[in-house]
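Contents: one structure, followed by commentary.
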Amino acid sequence: MNALRIGPGFVLASQRTDATPGFAGDKRAAAAALAEGATVLSELQEKFFANSRSGDTRKLLLVLQAMDTAGKGGIVRHVVGAVDPQGIDLVAFKAPTRAELTHDFLWRIRKRVPGAGLIGVFDRSHYEDVLIGRVRQLAPPAEIDKRYEQINEFEQELVDDDTTVIKVMLHLGFDEQKVRLAKRLDRADKHWKYNPGDVDERMLWPDYQEAYQVVFERTHTDAAPWFVIPADKKWYARLAVQHLLIDTLTRMNLDWPAATYDVEVEKARLAAS
């Protein structure tokens, strides 16, 4: 997945949104690969969770950011949804409440970071405060500028506390978004997903692309890197995120925790019961 990790001189505007880096197959091949990967990911997640019951303090946080209709929900359903829900801590951050606005912008985020053995998923995140906050001018420029370093410090704190942070931007094309929004209007069962405000945000597309570029330049770190995934093909984006999780958990060299009791003695006791 190194092909998806941003590097020096990265320019979002030059990245294709319909590409499939690292995968040469088609939609059918991707579906088969996703099903195979689901089994692998499920076992890795169970090992990850099981080890936390034996004192392992490691956590994993997946941050999902994207323009509307880019497929965050599909990632949650088809990738994260393939593992035991007990091991997942999903948060979909909405606009901050009046009470939350009385605190620092990271206050509500800190309350929802994952615990040991959990895979935390942020469907939108603290990055909204430097994306929509910047585009919609919800805070003074000086305040927005200060937040980038606060985010870096916050994410470094997470890493220092045994949290692996994976930040994903699903990179959707402008034309593809129009197609997806139109489909929502054409289907009665999708009307609930359509928000007239999505068109208002769409009109600010160049501003959001610029805001994302600044985010990458200011918050891509060795401790918490950014991965930009082409999202015009939903099947590719799902497979890419799945393999980011698989690769991350595999590098942890997970194994099943050893029993804290004498297995043979317990077999004998059970047989005699």
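Suppose the filter is out of contact with any strand residue (DSSP E or B) (no Cβ under 7 Å at 6 or more places or on another chain) and free of Cβ contacts under 8 Å to residues at least 12 places away in the same chain; does Gly81 pass it?
Yes: the conditions hold for Gly81.
Kindly list, by first and then second residue, each pair from a residue in region 155-170 that is touching a residue at least 12 places away in the same chain (Cβ under 8 Å) to a residue that is among the small types (Gly, Ala, Ser) and in a strand (DSSP E or B), limited to pairs with Cβ atoms under 6 Å and residues at least 6 apart or on different chains.
So the pair list comes out as Leu170/Ala66.
The rows are residues; the columns are (1) of a type in the set (S, T, N, Q); (2) out of contact with any strand residue (DSSP E or B) (no Cβ under 6 Å at 6 or more places or on another chain); (3) part of a helix (DSSP H, G or I).
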{"site": "Ala139", "(1), (2), (3)": "no, yes, no"}
{"site": "Lys167", "(1), (2), (3)": "no, no, no"}
{"site": "Arg180", "(1), (2), (3)": "no, yes, yes"}
{"site": "Arg184", "(1), (2), (3)": "no, yes, yes"}
{"site": "Trp192", "(1), (2), (3)": "no, yes, yes"}
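Does Ala224 meet the test of being touching a helix residue (DSSP H, G or I) at 6+ places or on another chain (Cβ under 9 Å) and in a helix (DSSP H, G or I)?
No, not satisfied.
Being in contact with a Leu (Cβ under 8 Å, 6 or more places away or on another chain) and of a type in the set (Phe, Trp, Tyr) is true for just one of Phe49, Phe105. Which residue is that?
Phe49
If you scan region 227-238, which residues turn out to be touching a helix residue (DSSP H, G or I) at 6+ places or on another chain (Cβ under 6 Å), within 22 Å of Val179 (Cα to Cα) and open to solvent by 10 Å² or more (accessible area, probe 1.4 Å)?
Within region 227-238, Asp232, Lys234, Trp235, Arg238 meet the criteria.
Determine if region 220-227 includes at least one residue that is in contact with a Lys or Arg (Cβ under 6 Å, 6 or more places away or on another chain), farther than 25 Å from Leu62 by Cβ and of a type in the set (Phe, Trp, Tyr).
No, the conditions are met nowhere in region 220-227.
Do any strands (runs of 3 or more DSSP E) lying entirely in region 15-123 carry at least 2 residues that are of a type in the set (Val, Ile, Thr), and which ones are they?
Answer list for region 15-123: 88-92, 119-123.
Could you list, in sequence order, all residues of region 246-264 that are acidic (Asp, Glu) and either farther than 14 Å from Leu41 by Cα or surrounded by 10 or more Cβ atoms within 10 Å (Cβ to Cβ) (or both)?
Hits for region 246-264 are Asp247, Asp262, Glu264.
Regarding Leu138, is this residue more than 21 Å from the chain's Cα centre (by Cα) and free of Cβ contacts under 8 Å to residues at least 12 places away in the same chain?
Details: more than 21 Å from the chain's Cα centre (by Cα): yes; free of Cβ contacts under 8 Å to residues at least 12 places away in the same chain: yes.
Spelling it out, Leu138 is indeed more than 21 Å from the chain's Cα centre (by Cα) and free of Cβ contacts under 8 Å to residues at least 12 places away in the same chain.
Could you list, in sequence order, all residues of region 132-157 that are of a type in the set (A, V, I, L, M) and crowded, with 21+ Cβ neighbours inside 10 Å?
Scanning region 132-157 gives a single hit, Ile151.
The values are calculated or read from the model by the stated rules, or taken from the named source; none is laboratory data. This is a predicted model, so every value here is computed, not measured. Quick reminder, even Gly has a Cβ in these numbers, built from the backbone with ideal geometry, and neighbours come from all protein chains shown. Surface accessibility is based on the protein's heavy atoms, side chains included, excluding ligands, DNA and RNA. Shrake-Rupley method; radii C 1.70, N 1.55, O 1.52, S 1.80 Å.
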